[in-house]
Amino acid sequence: MFEQLQALPADPILGLMALFREDANPDKVDLGVGVYRDEHGQTPILESVRAAEQRRFGSEDTKAYIGPAGAPGFVSALETMLLGSDHSALRDKRVFTAQSPGGCGALRAAAELIKRADGDATIWVSNPTWANHIPLLGDAGITIREYPYYDHSAKTICFDAMMDTLGQVEAGQLVLLHGCCHNPCGADLSEAQWQALAQLLSERGLIPFIDIAYQGFARGLDDDAYGVRLLADSVPEMFVTSSCSKNFGLYRERVGAVTLVAADSGAANAARSQLLSVTRGIYSMPPAHGGAIVDIILNNEDLRRQWVAELTAMRNRINDLRHALVESFNRKGAAGRFDFIADQQGMFSFLGISAQQVEQLQRDFSIYIVGSSRINVAGLSSTNLDYVTDAVISVL
Ligand code: LMR
């Protein structure tokens with residue numbers, strides 16, 4: 001049987017992790033996979049997470065299954081984080097959330113549910129989008145189409161072209177949006193753009209699907225949920241997939257959630273039963289540990305405060321690095337060319353260099369970035385910043 005299978009090339013993002021590990025160059029720099037790094041290049045366990053784990057280890061009294069929807073304390077705290085504590089959709093019981101194995105588990109579960117509800121479903125994704133969106137959604141059998149999003153020459157969102165394309169989309173089709181910290185381009189919609197988009201989606205009867213994997217990394221927890229909250233106010237139905245990998249640093253614990261907003265509580269109930277039947281058929285129920293940590297943190301005032309401070313420090317570090325990188329490019333002779341990086345948000349930006357130049361950075365300098373020229377800004381530090389800018393300027 002296996003001889004029928006052809007070997008595939010490595011994953012464009014995860015493949016870099018292995019190459020980086022094998023590289024013996026002491027000056028190597030990992031700007032590939034999207035994990036937060038501190039000044040020493042480490043991905044730390046947050047102190048709030050350590051404290052929550054201590055509490056859990058002291059009080060956990062069973063390893064029996066958690067329910068298929070996950071831990072109730074996790075689910076309700078996450079809904080509040082996404083929608084705010086008093087959103088009308090929550091009050092009207094139009095919302096259902098299930099804990100999932102990471103944001104990927106959430107995306108796949110939502111995709112399978114969409115396919116059940118509409119065998120001919122089409123989802124429009126931004127060009128560009130996170131590479132794994134395509135298999136996660138497409139392998140469920142949903143048709144994928146693209147709308148223009150990022151203008152590589154102007155280094156900004158091409159909002160008019162995006163609206164023109166979405167303005168032609170048939171009612172009932174879905175539109176995938178990045179809640180904040182667009183992956184891979186780092187260019188986020190402004191509040192005015194979210195408002196114009198909300199109006200268009202509602203007028204045309206399109207269904208938003210917001211993937212929010214970096215809440216808290218752009219402007220703050222509430223500001224970053226602006227689009228989610230606005231669209232939940234503006235349209236009858238939507239999907240939200242979220243992840244606690246980045247904002248809680250719980251990457252390997254695989255904790256995320258899929259949230260449905262339905263037109264009324266009856267429809268939410270039906271969608272809930274179908275979603276849990278979908279997840280039962282894929283992974284049965286989510287792993288407990290990561291969700292339990294988030295549950296403890298979000299439901300304890302002191303731990304929550306400590307976590308928000310740690311999240312704020314991660315966000316500030318990334319924003320400071322964005323400015324330091326631009327300043328370094330400007331000082332070293334590439335004045336103005338990379339200024340856009342300081343205006344973008346979250347972990348990622350495109351450098352805007354060719355695939356050949358990306359290869360050269362890897363081969364000659366052991367600097368690892370994704371082939372599209374996406375860099376993980378969090379991989380920079382005061383130690384490697386000059387090395388990286390010099391190297392990039394030398395390949396321009
Ligand atoms: C990334 O975009 O690098 C992260 O979301 C990690 C991944 O799974 O691709």
Residue pairs, Cβ under 8 Å, 6 or more apart or interchain, first in the range 344-366 and in the same structural domain as VAL326 (by TED's automatic domain parsing) and more than 16 Å from the ligand (Cβ to nearest atom), second among the polar types (S, T, N, Q) and open to solvent by less than 10 Å² (accessible area, probe 1.4 Å). List them.
GLY352/SER373; ILE353/SER373; SER354/SER373; ALA355/SER373; GLN357/SER373
Counted residues, the range 372-387 - those being open to solvent by 50 Å² or more (accessible area, probe 1.4 Å) and either assigned to a loop (DSSP other than H, G, I, E, B) or among the small types (Gly, Ala, Ser) (or both)
3
Among the residues of the range 69-89, are any open to solvent by 40 Å² or more (accessible area, probe 1.4 Å), over 30 Å from GLN345 (Cα atoms), in a loop (DSSP other than H, G, I, E, B) and away from the ligand (no atom under 16 Å from the Cβ)?
no
Which members of the range 241-257 meet the condition of being farther than 17 Å from ASP224 by Cα and either in the same structural domain as VAL35 (by TED's automatic domain parsing) or assigned to a loop (DSSP other than H, G, I, E, B) (or both)?
GLY249, LEU250, ARG254, VAL255
Taking PHE57 as meeting all but one of (1) open to solvent by 30 Å² or more (accessible area, probe 1.4 Å); (2) in contact (Cβ under 8 Å) with a residue 24 or more places away in the chain; (3) more than 23 Å from the chain's Cα centre (by Cα); (4) not assigned by TED's automatic domain parsing to the domain that holds PHE348, write down the number of the exception.
(2)
Of the residues in the range 281-338, how many are of a type in the set (A, V, I, L, M, F, W, C), in the same structural domain as SER381 (by TED's automatic domain parsing) and not in a helix (DSSP H, G or I)?
3
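Would you check if VAL35 is open to solvent by less than 20 Å² (accessible area, probe 1.4 Å) and β-branched (Val, Ile, Thr)? Spell out how you get there, then give the answer.
Numbers: open to solvent by less than 20 Å² (accessible area, probe 1.4 Å): no; β-branched (Val, Ile, Thr): yes.
It is false that VAL35 is open to solvent by less than 20 Å² (accessible area, probe 1.4 Å) and β-branched (Val, Ile, Thr).
Listed here are the residues, each with its yes/no results for (1) open to solvent by 10 Å² or more (accessible area, probe 1.4 Å); (2) touching an Asp or Glu at 6+ places or on another chain (Cβ under 6 Å); (3) among the basic types (Lys, Arg).
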{"position": "ASP223", "(1), (2), (3)": "yes, no, no"}
{"position": "SER242", "(1), (2), (3)": "no, no, no"}
{"position": "ASN247", "(1), (2), (3)": "no, no, no"}
{"position": "ARG252", "(1), (2), (3)": "yes, no, yes"}
{"position": "ALA267", "(1), (2), (3)": "yes, no, no"}
{"position": "GLN274", "(1), (2), (3)": "yes, no, no"}
{"position": "GLY281", "(1), (2), (3)": "yes, no, no"}
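Hey, could you check the range 370-381 for residues that are modelled with pLDDT of 95 or more and not hydrophobic (A, V, I, L, M, F, W, C) and say which is farthest from the ligand (Cβ to nearest atom)? Outline the logic, then answer.
Quick first cut of the range 370-381, residues modelled with pLDDT of 95 or more only: 370, 372-381.
Remaining after also requiring not hydrophobic (A, V, I, L, M, F, W, C): 372-374, 376, 379, 381.
On the way: SER372: 11, SER373: 14, ARG374: 8, ASN376: 7, GLY379: 11, SER381: 18 Å.
Here the answer is SER381.
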First in the range 3-16 and closer than 17 Å to ILE369 by Cα and modelled with pLDDT of 90 or more, second anywhere and of a type in the set (S, T, N, Q) and assigned to a helix (DSSP H, G or I), Cβ under 9 Å, 6 or more apart
LEU16/GLN362
Answer residue from the range 346-365, given it is open to solvent by less than 10 Å² (accessible area, probe 1.4 Å) and not hydrophobic (A, V, I, L, M, F, W, C) and is farthest from ASP38 (Cα to Cα) among those:
SER349
Output for Cβ contacts, cut-off 7 Å, separation at least six or different chains, first residue at positive phi in the range 216-245, second open to solvent by less than 10 Å² (accessible area, probe 1.4 Å) and part of a helix (DSSP H, G or I), reads GLY216/ASP224; GLY216/LEU311
Among the residues of the range 1-40, how many are closer than 18 Å to GLU310 by Cβ and more than 16 Å from the ligand (Cβ to nearest atom)?
3
Of residues in the range 90-111 being assigned to a helix (DSSP H, G or I) and out of contact with any strand residue (DSSP E or B) (no Cβ under 7 Å at 6 or more places or on another chain), the one surrounded by the most Cβ atoms within 10 Å (Cβ to Cβ):
ALA111
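The values are calculated or read from the model by the stated rules, or taken from the named source; none is laboratory data. Only a predicted model underlies this, so the values are computations on that prediction, with no experimental measurement involved. Counting neighbours? That spans all protein chains shown, and the Cβs are built from the backbone with ideal geometry, glycine included. Surface accessibility is based on the protein's heavy atoms, side chains included, excluding ligands, DNA and RNA. Shrake-Rupley method; radii C 1.70, N 1.55, O 1.52, S 1.80 Å.
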